[in-house]
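Student: Below: one structure in structure tokens.
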Amino acid sequence: MTERPADPASDLRAPADDDEARALLLAGEIDLEGRMLDASNVTLVGAVRTAELAAECVYKPVAGERPLWDFPDGTLAGREVAAALVSDATGWRVVPPTVLRDGPFGPGMVQLWVDGDPTVDLAAFVRLDHPGLRRMAVFDAVVNNADRKGGHIIPTPAGHVHGVDHGICFSAEPKLRTLLWRWAGQRLPADALAVLERLAEGLRDDLGEQLHEHLTRREVRRTQQRVAELLRTGRHPEPSGDWPALPWPPF
Ligand SMILES: Nc1ncnc2c1ncn2[C@@H]1O[C@H](COP(=O)(O)OP(=O)(O)O)[C@@H](O)[C@H]1O
Ligand SMILES: [Mg+2]
């Protein structure tokens, strides 16, 4: 009787938590499987594996970035990692585990792939008064996210809400473009205020230093100012123009 050779990949398990996921993303071998075709920059998907762990990931090589006139400094990959650092500091787990590392096409950002819930109607979901979306709205105000469209919001089957594609965050100019304006002008929830206090402290200290590896001093300072402004008003920001600043296309 012939037996099929054991598939080495079948013994691998998924990372148990975000720390393990980050360790896997940093050390694992990346096997590319495909490219997201509607993406404006080079966005690749693949598997990342160590001897024990395996997961799907997104890999965006710096070499595949299209230059943007309004984000002249640093790299989009660096901005994604900076957004993940802020997300980690909030404890809200908006951004899936994300690292900067060398990959098959050179240095880039590698992010854990998160499976969305295919039964969720995104167009209806993004209008809900959902605590995960509300936290995301606060996070976006902090990082000055210029691109919170529907496709960058991933509700999971477990009820968590992840955000992806943070390459155009942290401009020194106000650029908040999002679908999540439903709380505009409303008082921030108490837990958000507590998180913002912690962020303000972190930005003066370790977090500020970590962000400066990826952002200009001015962009880090502006991030501190946005946090200070949220704490001063105690409210969700309002769109600055006559009309809410919406991403285009919205989904
Ligand atoms: N970490 C992730 N987990 C699951 N899906 C993702 C992840 N990152 C991206 N995607 C999906 O891939 C699409 C393209 O990725 P995105 O980061 O938006 O790339 P681009 O910068 O090229 O627009 C997203 O709209 C989203 O649907
Ligand atoms: Mg995108």
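The values are calculated or read from the model by the stated rules, or taken from the named source; none is laboratory data. No experiment lies behind these values; they were computed from the predicted model shown. Here the Cβ is made from the backbone with ideal geometry for all residues, glycine too, and neighbour counts use every protein chain on show.
Student: Need at least 1 residues that are charged (D, E, K, R) and either out of contact with any Leu (no Cβ under 7 Å at 6 or more places or on another chain) or closer than 30 Å to Pro131 by Cβ (or both) per element, so show me which strands (runs of 3 or more DSSP E) inside segment 1-118 make the cut, counting only ones lying wholly within it. Break it down into steps so the answer makes sense when it comes.
Tutor: Values: elements: 29-35, 44-49, 54-61, 98-103, 106-112.
Because the criterion is at least 1 residues that are charged (D, E, K, R) and either out of contact with any Leu (no Cβ under 7 Å at 6 or more places or on another chain) or closer than 30 Å to Pro131 by Cβ (or both), the strands (runs of 3 or more DSSP E) in segment 1-118 that meet it are 29-35, 54-61, 98-103.
Student: Which condition does Thr50 not pass, out of (1) within 14 Å of ligand 1 (Cβ to nearest atom); (2) free of Cβ contacts under 8 Å to residues at least 60 places away in the same chain; (3) of a type in the set (Val, Ile, Thr), if it passes all the others?
Tutor: (1)
Student: Return yes when Gln210 is modelled with pLDDT of 95 or more and over 20 Å from the mean Cα position of the chain (by Cα) and no when it is not.
Tutor: Values: modelled with pLDDT of 95 or more: yes; over 20 Å from the mean Cα position of the chain (by Cα): no.
No: the conditions fail for Gln210.
Student: Tell me yes or no: at least one residue of segment 213-234 is among the hydroxyl-bearing types (Ser, Thr, Tyr), at pLDDT 95 or above and surrounded by 14 or more Cβ atoms within 10 Å (Cβ to Cβ). Walk me through it before giving the result.
Tutor: Residues of segment 213-234 among the hydroxyl-bearing types (Ser, Thr, Tyr): 216, 223, 233.
From the residues that got through so far, the ones that are at pLDDT 95 or above too are 216, 223, 233.
In the following step, the residues that additionally are surrounded by 14 or more Cβ atoms within 10 Å (Cβ to Cβ) were identified as 216, 223.
Yes; the residues of segment 213-234 include at least one that is among the hydroxyl-bearing types (Ser, Thr, Tyr), at pLDDT 95 or above and surrounded by 14 or more Cβ atoms within 10 Å (Cβ to Cβ).
Student: Here is a list of conditions, (1) touching a Lys or Arg at 6+ places or on another chain (Cβ under 6 Å); (2) more than 12 Å from ligand 1 (Cβ to nearest atom); (3) touching a residue at least 60 places away in the same chain (Cβ under 8 Å), and Pro97 meets all of them except one; can you say which number that is?
Tutor: Of (1) touching a Lys or Arg at 6+ places or on another chain (Cβ under 6 Å); (2) more than 12 Å from ligand 1 (Cβ to nearest atom); (3) touching a residue at least 60 places away in the same chain (Cβ under 8 Å), only one is false for Pro97: (2).
Student: Are any of the residues in segment 132-149 away from ligand 1 (no atom under 15 Å from the Cβ), crowded, with 21+ Cβ neighbours inside 10 Å and small (Gly, Ala, Ser)?
Tutor: yes
Student: Given the conditions (1) more than 16 Å from Val95 (Cα to Cα); (2) of a type in the set (A, V, I, L, M, F, W, C); (3) more than 16 Å from ligand 1 (Cβ to nearest atom), which single one is not true for Leu179?
Tutor: For Leu179, the exception is condition (3).
Student: A follow-up question, please. Working only within segment 69-121, note down all residues that are among the small types (Gly, Ala, Ser) and surrounded by 14 or more Cβ atoms within 10 Å (Cβ to Cβ).
Tutor: Applying the first criterion (among the small types (Gly, Ala, Ser)) to segment 69-121 yields 74, 77-78, 82-84, 87, 89, 91, 103, 106, 108, 116.
Correct list: Gly74, Ala77, Gly78, Ala82, Ala83, Ala84, Ser87, Ala89, Gly103, Gly108, Gly116.
Student: Also: Can you confirm whether Asp140 is more than 16 Å from ligand 2 (Cβ to nearest atom) and closer than 30 Å to Trp183 by Cα?
Tutor: Values: more than 16 Å from ligand 2 (Cβ to nearest atom): no; closer than 30 Å to Trp183 by Cα: yes.
Taking the combined requirement at face value, the residue does not satisfy it.
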